[in-house]
Amino acid sequence: MKKLGSLFLMALFFSCQNSAQVNAEQNAIINAKPIEVPLKNGKARAYFASGCFWCVEAIYESVKGVDEVINGYSGGHTSNPTYEASNTGKTGHAESVEVIYDPKIVRFSTLVDVYFGSQNPTQINGQGNDRGVQYRSIIFYQNDSQKHIILKKKEALAKALNKEIAAEVYPFQKFWKAENYHQNYEKLHPENSYIQNVSIPRLNHFKSKFPELLKDNH
């Protein structure tokens, strides 16, 4: 019995050690200096997480001035995260999107409006029935100007709703592209039950709120 008790205490000790290490690694990400992604062919990049990336991809691809949206993972402390690993919630990563856009057509501040306006901004660790830290809301900044824009809009929304806004604000560090089968998922799988029941209604709700931001073919 004493031996079992000792084994339990040892397991608890190592578990606490591992947890402390993970927390330290995650805090290092949160407190890191942001990395600014340079323009490429005149196009900028922005990074957001707000629930299932299939949903977020479709929303941003409908916005005028957005060229492409890539699904992936960001905000965590591990390298080369996979869908399976991020879904455990142990990597610190959230399902995220890389939004490639023309800053001459759409501003970063507008993309932030799209972000807050296309989700339930008060839900912690998830959107709808998609729950867990891998589905939490994070908005990434690459410089002080972007951080100021994000915090100002977050503060204004909190005041308007009289509620706390769940979105975390992180310095951008690294975006890991998701597996190929996650890319353009809504377009390629319109018959999927999740797409039919979750993604499309969420997209249509966004469209009804921001018709002036939509591309002509939307």
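When restricted to residues that are within 22 Å of GLU212 (Cβ to Cβ) and either of a type in the set (Val, Ile, Thr) or in contact with a Lys or Arg (Cβ under 8 Å, 6 or more places away or on another chain) (or both), the range 66-96 contains 3.
Filtered by the rule that a residue be without any contact (Cβ under 8 Å) to a residue 12 or more places away in the chain and among the acidic types (Asp, Glu), the range 181-197 gives a lone residue, GLU191. When the range 54-87 is examined, which residues are found to be surrounded by fewer than 17 Cβ atoms within 10 Å (Cβ to Cβ), closer than 23 Å to LYS40 by Cβ and charged (D, E, K, R)? Answer for the range 54-87, where residues must be surrounded by fewer than 17 Cβ atoms within 10 Å (Cβ to Cβ), closer than 23 Å to LYS40 by Cβ and charged (D, E, K, R): LYS64, ASP67, GLU68. So, in the range 122-153, how many residues would count as being under 19 Å from PRO201 (Cβ atoms), among the small types (Gly, Ala, Ser) and assigned to a loop (DSSP other than H, G, I, E, B)? So the answer is 1. Sub-6 Å Cβ pairs linking a first residue in the range 50-73 that is over 16 Å from PRO103 (Cα atoms) and part of a helix (DSSP H, G or I) to a second residue that is modelled with pLDDT of 95 or more and charged (D, E, K, R), at least 6 apart or interchain, are PHE53/GLU95; CYS55/ARG202, ordered by first then second residue. Yes or no: the range 158-171 includes at least one residue that is aromatic (Phe, Trp, Tyr), surrounded by fewer than 20 Cβ atoms within 10 Å (Cβ to Cβ) and either in contact with a strand residue (DSSP E or B) (Cβ under 9 Å, 6 or more places away or on another chain) or in contact (Cβ under 8 Å) with a residue 12 or more places away in the chain (or both). Looking for residues that are aromatic (Phe, Trp, Tyr), surrounded by fewer than 20 Cβ atoms within 10 Å (Cβ to Cβ) and either in contact with a strand residue (DSSP E or B) (Cβ under 9 Å, 6 or more places away or on another chain) or in contact (Cβ under 8 Å) with a residue 12 or more places away in the chain (or both), one finds none in the range 158-171, hence no. Scanning the range 182-218 for residues that are aliphatic (A, V, I, L, M) and part of a helix (DSSP H, G or I), we see that the one that is farthest from PRO81 (Cα to Cα) is LEU213.
Filtered by the rule that a residue be part of a loop (DSSP other than H, G, I, E, B) and over 14 Å from the mean Cα position of the chain (by Cα), the range 92-121 gives ASP102, PRO103, LYS104, ILE105, VAL106, ARG107.
The values are calculated or read from the model by the stated rules, or taken from the named source; none is laboratory data. In this text, all values refer to a predicted model and were calculated from it rather than measured experimentally. Positions of Cβ are backbone-derived with ideal geometry, glycine not excepted, and every protein chain shown enters the neighbour counts.
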